[in-house]
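Report on the following structure.
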Amino acid sequence: MSEEAASQVAEEGIKRTSNYLRGDLLDDLSSAAPNLSGHSEHLLKFHGIYAQDNRDVRRERSLAGEPLEYIFMIRVAIPGGQLNSTQWLSLDNIAAELADGSIRLTTRQAVQFHGVLKFDLQTLSARLHAHAMTSFAACGDVVRNTVMCSSLVSDDAHTRVTELANHLATTFKPTTQAHWEIFVNGERAATIEPETEHEFYGDTYLPRKFKIAIAHPDENCVDVLAQDLGLIPSTHPELGAGFNVVIGGGLGRSYAQPDTFARLATPLTFVTPDELDDLIRAVLTTYRELGDRTNRRRARLKYVAADMGIDAFYAEVEKRYGAALRPALPVELHDADDHLGWRTLSDETLEVGIRVGAGRVRDDVDGRRLRTALRELAATRELRFLITPQQDIVVSAIAPEDRAFVEEILVQHGVRGVEELGNVERTAMACPALPTCGQALAEAERRLPSLVDDLQGSLDQRGLGKRRLQLRMTGCPNGCARPAVAEVGVVGRTKNSYDLYLGGGLRGDRLASLHQEKLKLDEIPGVLEPLLERWRDEGREAENFGDFYVRVLKP
Ligand code: SRM
Ligand code: SF4
């Protein structure tokens, strides 16, 4: 067995012997060391926490013979990205007092805190708990934070699905009390009943992470085909309202392992709302039993579906569901909405979508003080804060008479309105990459603004400034900002080079193709410019760049 395979089997052993995600975490957390043991680091992920080190100082520290600067990232699972004013204020306080001063909104509508010290992990967790939030199961081999289109959450016109993300979060969260004992109360209750877990988890949980998203029927901001399981609200001609279910999507790849690949989800079935939980249980059980537990890089559901074929997979799910699955309805996807700018909801309240920029809510960007602006709004009004799957924020539940007040706060703090944004910036995304991500091969978030400016410049110079160009950038092929389905995907290859993927698009229904390998960042505009000119000269009316690339340019 290879060393990697052995360590992966070891991870299964760590889960099995952890007594439902406890292991030695409590002891390790109370030790004087600034870091944790390897076993605890693995278990920590189930609690939503990643052990990291500041990679900006890694080299100089190691040359000086000093220990690494150990820091932790905590991911707070926020189903559907929905928060109230009190919760937003508590996140803001945590950012200021226990993390690096920023609130990082993620591509899955969660919140991350970076730069947390080991000795503050329990305090931070208890603060989350006090405001009905948790990092538990935000990471690890479980059902992750459920993503849901922000319009489904905020607009009463969609009552049928408004609460679905919360419902799924509650239904599929592990039942172990480990997180509350270790991170919130700090001690285990004196009399403990033997613990059980959901049957679909058992004591080794899933082979790997499992991601669910709920799409809006009219637009695909959640990238529903990138999910392990995607739900598209649909109406069946005989059964009425329900969900078209797609399965087996996933975007991560590994350079080291050529048999890994990005895959778009395949339609599985149509279910009514009453049937949904049982169907998801059947898919989870199929995954639990058939997923690869010897190779974590090939352990996702997409490989089960791809390796056995969708028909065989269908039969396996049917067996566990206990009844015949009906065929899915035809899936038709529409361009993603960026949810930016003002809109009026069906109950006459208002909301405004604000561009954040790689999800980093902080105060020091070119004199703009977004964090303070959002804090002031949360401190003075009962609002709803909705994180979008594009790492932006929608401030919702604004009374019509408060519009001027909200606008004034935003202007005072230099927060730009949607009309001030360039079209590349509007949809651009990047993952955190350096200095926190241990897997980053190259920069992403920190280089996004300059790449956005360069590409906007290229468009402007060619009279294409009003056209939309969707840019997504990541520091490695794990694909956390979903570059694999973008019109322009820039994916870290080495410290100073990137692979350029082209031809995805706003519908999220097509994988981008590798256009050119190992480009320096400043070479990318030059490679794109002749293609943009051909788009301008030969493109059909209103044809997106991604569609044009596939129709005309793709080799
Ligand atoms: Fe991700 C791992 C950040 C969405 C695929 N991802 C990581 C880690 C935890 C690095 C690690 O394992 O040490 C990153 C933390 C870096 C840091 O310093 O914060 C990380 N992923 C992110 C976030 C924060 C990116 C962002 O800019 O917002 C997103 C958090 C989502 C959340 O709130 O739950 C994030 N990651 C995604 C997505 C997009 C999505 O789900 O819509 C993907 C591609 C879809 C998919 O799952 O295939 C994604 N992340 C990965 C992978 C590859 C997994 C695979 O099986 O192929 C890894 C590596 C791994 O799990 O070992 C990874
Ligand atoms: Fe890290 Fe790679 Fe994900 Fe970026 S894409 S956050 S570099 S794992």
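The values are calculated or read from the model by the stated rules, or taken from the named source; none is laboratory data. Here the structure is a predicted model, which is why all the values come from computation and not from measurement. Every residue, glycine among them, receives a Cβ derived from its backbone with ideal geometry; neighbour counts consider all protein chains shown. Side chains are part of the model used for accessible areas, which takes the heavy atoms of the whole protein and leaves out ligands, DNA and RNA. Shrake-Rupley method; radii C 1.70, N 1.55, O 1.52, S 1.80 Å.
A few notes on this one:
- Across the range 431-437, coupling constants 3J(HN,Hα) worked out from phi with the 6.51/-1.76/1.60 Karplus curve, θ = phi - 60°, read 7, x, 6, 6, x, 9, 6 Hz, and Gly and Pro carry x.
- Taking every protein chain into account, the accessible area of the range 456-520 amounts to 35 square angstrom per residue (probe 1.4 Å).
- Percent RCO, i.e. relative contact order, over the range 428-522, from Cα pairs under 8 Å lying at least 6 residues apart: 24 percent
- Entry comment: accessible area of the range 159-286 is 37 Å² per residue, from protein heavy atoms only and a probe of 1.4 Å.
- With distances taken between every two different alpha-carbon atoms, the range 196-248 has a Kirkwood hydrodynamic radius of 12.7 Å.
- Take every pair of alpha-carbon atoms less than 8 Å apart whose residues are at least six positions apart; their mean separation over the length of the chain yields a relative contact order of 12 percent.
- Counted by Cβ distance under 15 Å from residue 425, the other residues give a net charge of 0, where Lys and Arg count +1 and Asp and Glu count -1.
- The Cβ shell under 12 Å around residue 500 holds other residues with a net charge of 0, Lys and Arg each +1, Asp and Glu each -1.
- Per residue, the range 20-129 exposes 38 Å² of accessible surface when a 1.4 Å probe is rolled over the protein heavy atoms with every protein chain present.
- Net charge in the neighbourhood of residue 31 (other residues with Cβ under 12 Å of its Cβ; Lys, Arg +1, Asp, Glu -1) is -2.
- For the range 382-518, the orientation-averaged shadow of the C-alpha convex hull comes to 10.3 nm² (one quarter of the hull surface).
- Between the amide H of residue 519 and those of 498, 499, 500, distances stay under 5 Å, these residues lying 5 or more places away or on another chain, with hydrogens modeled in the peptide plane.
- log10 of Debye I(q)/I(0), alpha-carbon scatterers only, for the range 453-555 at 0.22 Å⁻¹: -1.20
- All-pairs alpha carbon distance profile, the chain, 20 Å steps from 0, percent: 21, 57, 21, 0
- When cysteine pairs in the chain are screened for C-beta atoms closer than 4.7 angstrom, the residues that find no partner are 139, 149, 221, 437, 476.
- Check: the range 74-224 dipole with +1 on Lys, Arg Cβ and -1 on Asp, Glu Cβ, in debye: 300 debye
- Taking N as the residue count of the range 129-250, its C-alpha radius of gyration divided by 2.2 N^0.38 Å amounts to 1.24.
- Here the chain has 48 percent of its accessible surface on carbon and sulfur atoms, given a 1.4 Å probe and all protein chains in place.
- Counting only lysines at least 8 places from residue 15 when in the same chain, those with an alpha carbon closer than 30 Å to its own are 45, 118, 173, 209, 211, 302, 319.
- Residue-averaged 222 nm ellipticity for the chain, from DSSP H runs of 4+ at -39500 (n - 2.57), nearest 500: -9000 deg cm²/dmol
- Using the alpha carbons alone, the radius of gyration of the range 391-456 stands to its Kirkwood radius in an Rg to Rh ratio of 1.10.
- Packing-based order for 426-438, 24-36, 481-493, using average beta carbon neighbours within 10 Å, highest first: 481-493, 426-438, 24-36
- Debye intensity ratio I(q)/I(0), log10, the range 1-159, q values 0.21 Å⁻¹ (C-alpha model): -1.39
- Over all pairs of different C-alpha atoms, the range 261-323 has a mean inverse distance whose reciprocal, the Kirkwood radius, equals 12.3 Å.
- For the range 72-128, the Kirkwood hydrodynamic radius from C-alpha pairs, put into Stokes-Einstein at 37 °C and a viscosity of 0.692 mPa s, yields a diffusion coefficient of 291 µm² per second.
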